[in-house]
Each structure stands twice: as structure tokens, then as C-alpha cells.
1. Within a 10 angstrom radius of the beta carbon, how do T38, T82 rank from fewest other beta carbons to most?
2. Would you compute, from DSSP H runs of 4+ residues alone, the mean residue ellipticity of the chain at 222 nm, taking -39500 (n - 2.57) per run and dividing by the full residue count, rounded to the nearest 500?
3. Starting from the Cα gyration tensor of region 104-149, take the square roots of the eigenvalues, sort them a ≥ b ≥ c, and report rounded, prolate or oblate (rounded when a/c is under 1.5, otherwise prolate if a/b is larger than b/c, else oblate).
4. So which chymotrypsin sites (Phe, Trp or Tyr not before Pro) in region 16-94 end up in coil per DSSP with only 12 or fewer other C-beta atoms within 10 Å?
5. Would you please calculate the Kirkwood hydrodynamic radius of region 110-204 over all C-alpha pairs and express it in Å, rounded to one decimal?
6. Relative to the present Cα-Cα distance, how much length would full extension add between Q41 and Y163 at 0.36 nm per residue of separation?
7. Normalised by the number of residues in region 83-204, what is the relative contact order in percent for Cα pairs under 8 Å and 6+ residues apart?
8. Pop a pseudo-label 7 angstrom from the Cα along the beta-carbon direction at both K193 and A26 and give the gap in nm to one decimal.
Amino acid sequence: MNQGKLYIISAPSGAGKTSLVSELVAEVKHLSVSVSHTTRQKRQGEQQGKDYFFTAVDDFKKMITDHAFLEHAQVFDNFYGTAQQSVEKQLSHGIDVILEIDWQGAQQVKKMLPDSVSVFILPPSIEILQQRLEGRGQDSQQIIARRMQDAVNEISHCNEFDYLIVNDDFNQALTELRSIIISYRLKKKAQLKKIAPLLARLIS
């Protein structure tokens, strides 16, 4: 069985990352999104173990001490982290895994797993990014202003990623994101294992 591939996808809040990843996972087989741990409060409609593993601050800090995280970071006033064991289990079963994390987490994962593939989703403009944040109706103007300030910092790290996608047209951005996944699955190393029986018949 082939080892799965780890994909890191980052974006400033409001760039459309979550919508793109949700649609991608619905379309592409053997692809999953890692569920992160977080200390933030559960929002209406969110489910434990599906959207996040909502974790008490003390429990989260113990996981840090136990080196249980592949990456972790503090975002605004909350902690977020990816449990290493669950990711490695999926990869060992040949499932490609997506990590939706920020640039700080991406740096940590790249140091531990340099073969992971990183993608940064950009908005078409700062103005459109702000319109999207306001259109969600989830945050106060104060929080939106804070997210906009952080977005500039996030975007300044985009050159650290392997791929850059501008989410202006959703379907185009989805096609580009899907192409990255498919292209890696077609690489020789992965294909030779997958089609070994076929090759044996073709050259016998």
C-alpha cells in the first residue's frame, strides 16, 4: 500500500480555504481533512470530533508537554493543534491528508515532514477579503478589523509555500487545487507501486 501524502493548506481568514477544501474532499477519493484540537468555544452547529476536538486549556497544554502535536500555535486568544498520531495513522493507510493550518503551523510541519506539500490560498484583493468577512455575519467589526490586520501578516508568508492559488473564481481555484493532488498521485514513485501488476503483464 502506498503511503499517503500530507498537504498543508493555509490562507488568511475569509479567503475561502474551508469551502475549497470541503468541496475538494467531497470530489476526490482517499482524501481527508485532519480534525484539529482547539481551546476556543464551540460555535453553533459545530460538532465535537467533526469540526474540531474542543479541548480544555489545561488538557491542551498537557498534550504539548507530551509532544502529542505535529504542530500547534496560538491564534488570537486560543490554541490550535494537530495530533500527530491520527495523521500518521491515516497516511499509513494510504489516505492523503489535508492540514488546514496557518503559516506558523506550516513551518513546524515542514521541519518535521519536509516531503509534505504546502499550498497558500490568496484573496483577489484586500477589499474583497473584507467584504467576505463582513458577509459571513459571524464576527463583530472589532474582530473583523483584527482579522484584516492579521491577514496582511499571513499573506506576507505566502512565498514560503510550494503552491499559490488566487481564489477569485471558486471553480477555477478548485480545479487548480485538485490538479495539485492529482499530479502528485501520478508521480512515478506512487504509480509504480499502484500499477505494478499491470506493468508486469505489459512487459512479460
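FYI, it's all coordinate maths here, none of it is from the lab. Nothing here was measured: the structure is a model prediction, and the numbers come from that model. As a convention, Cβ positions derive from the backbone with ideal geometry for all residues, glycine included, and neighbour counts pool all protein chains shown.
1. Values: T38 19, T82 24.
With the sparsest Cβ surroundings first, the list reads T38, T82.
2. Numbers: 9 runs with 95 residues, N = 204.
When only DSSP H runs of four or more count, the value is -14000 deg cm²/dmol.
3. On the way: a/c = 3.58, a/b = 2.30, b/c = 1.56.
Prolate.
4. Values: sites: Y52, F53, F54, F60, F69, F76, F79, Y80; in loops: F76.
Hits after loop and neighbour filter: F76.
5. On the way: mean 1/r = 0.0603 Å⁻¹.
One decimal place: 16.6 Å for the Kirkwood radius.
6. Values: separation 122, 0.36 × 122 = 43.92 nm, distance 3.21 nm.
Additional length available on full extension: 40.7 nm.
7. Details: 55 pairs, mean separation 29.8, N = 122.
RCO, region 83-204: 24 percent.
8. It is 3.0 nm.
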